[in-house]
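The values are calculated or read from the model by the stated rules, or taken from the named source; none is laboratory data. Note that the coordinates shown come from a computational prediction; the quantities given were computed from them, not determined experimentally. Glycine also receives a Cβ, built like all others from the backbone with ideal geometry; neighbour counts cover every protein chain displayed.
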Amino acid sequence: MRVWLPYPLLFLGLLIVWLLINQSLSPGQIVLGAILSALLVWIMGNLQPHKSTLRRAGLLLPLAGHIAVDVFRSNLAVMKVILKAGRHPANSGFLTMKIELEDENALAMLACILTATPGTAWLEHDRQTKLLTLHVLDLENEQYWIDLITRRYVTPLKEIFG
Amino acid sequence: MSHVTDLPIWAAALVCLLLLAGSAMTLIGALGLLKLDSFYSRLHAPTLAASGGVLLISLASMICFAVLQSRWIFHEVLIVSFVVLTTPVTLMMLGQSALYRDRFEGEHDVPSKPSGEPVDPDLDNGADV
């Protein structure tokens, strides 16, 4: 089983997504979906992804709530900056901070969060020194941003991925 | 698009409002590409379209087809998750290459590569640019 289907959950998920996209439960679609999912799972196995364990998956829900609020807020903030850009040039700048995360998937999730919220752009992360370089559009107070990212995202991610 | 006439008035108003808000957000993001002064600032502008714009327009589409009950609303969820998962890849590549070039040319005011003690010499440093 492990040899043929190294990621059974991924296989099932892909098959369900395929059937939902095609909105049909006909045998033909099931066979086609199963073949495609098996192929993709095989490719995934060859990529040798890093498997992480979710220690406290229950914390994902409040984290998602924080992200929704922050995405909304930063969308409005960035719109304001752009509309004012002619008169008041944006006070943007670089920010370097230490991220105490080691798990690859946790880092990938952090990158998705920081990119999805407008106003912060992930530029560079060095896994040796754990230093992350960000570009922030509205950088009035460096320590404010460092505290915000650490408190709202890094700490919960660290607890979730253990 | 003859479906629109089948929508009850409250749903039509809500869908129009969400669509207009989403398109306005995308338009402002595009304006940002014109108005912002540095490359790094301009990196932020398209994320407006990729987060707020996509979310609002998909929400409008979800409500429209949920009220009409003609189709699963699952497609929009997939669209949003694919956009959220794939934009960081291009954004990080653009940002890293700009940073690399600016450091190489030494023209702009960019931070130098952060230095520090290597924690683990065997650690694969995939993001080393």
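List of remarks:
- Criterion (hydroxyl-bearing (Ser, Thr, Tyr), facing another protein chain (nearest Cβ under 9 Å) and part of a helix (DSSP H, G or I)) met by exactly one of B:THR47, B:THR5, B:THR26: B:THR47
- The range B:55-79, subset exposed (fewer than 15 other Cβ atoms within 10 Å of the Cβ) and more than 23 Å from the chain's Cα centre (by Cα), residue nearest to B:THR26 (Cα to Cα): B:ALA66
- Any chance A:LYS51 is assigned to a loop (DSSP other than H, G, I, E, B) and of a type in the set (D, E, K, R): yes
- Considering (1) modelled with pLDDT of 85 or more; (2) within 29 Å of B:GLY29 (Cα to Cα); (3) hydrophobic (A, V, I, L, M, F, W, C), the lone condition that A:ALA116 does not fulfil carries the number (1).
- Scanning the range B:30-41 finds no residues that are part of a helix (DSSP H, G or I), charged (D, E, K, R) and in contact (Cβ under 8 Å) with a residue 24 or more places away in the chain.
- When A:ILE160 is tested against the conditions (1) under 30 Å from B:THR26 (Cβ atoms); (2) crowded, with 16+ Cβ neighbours inside 10 Å, the lone failure is (1).
- Failed item, numbered, when A:ALA85 is tested on (1) within 8 Å of chain B (Cβ to nearest Cβ); (2) at pLDDT below 85; (3) touching a Pro at 6+ places or on another chain (Cβ under 9 Å): (3)
- All positions within the range A:115-133 that are hydrophobic (A, V, I, L, M, F, W, C) and either assigned to a loop (DSSP other than H, G, I, E, B) or buried (at least 22 other Cβ atoms within 10 Å of the Cβ) (or both): A:ALA116, A:ALA121, A:TRP122, A:LEU123, A:LEU132
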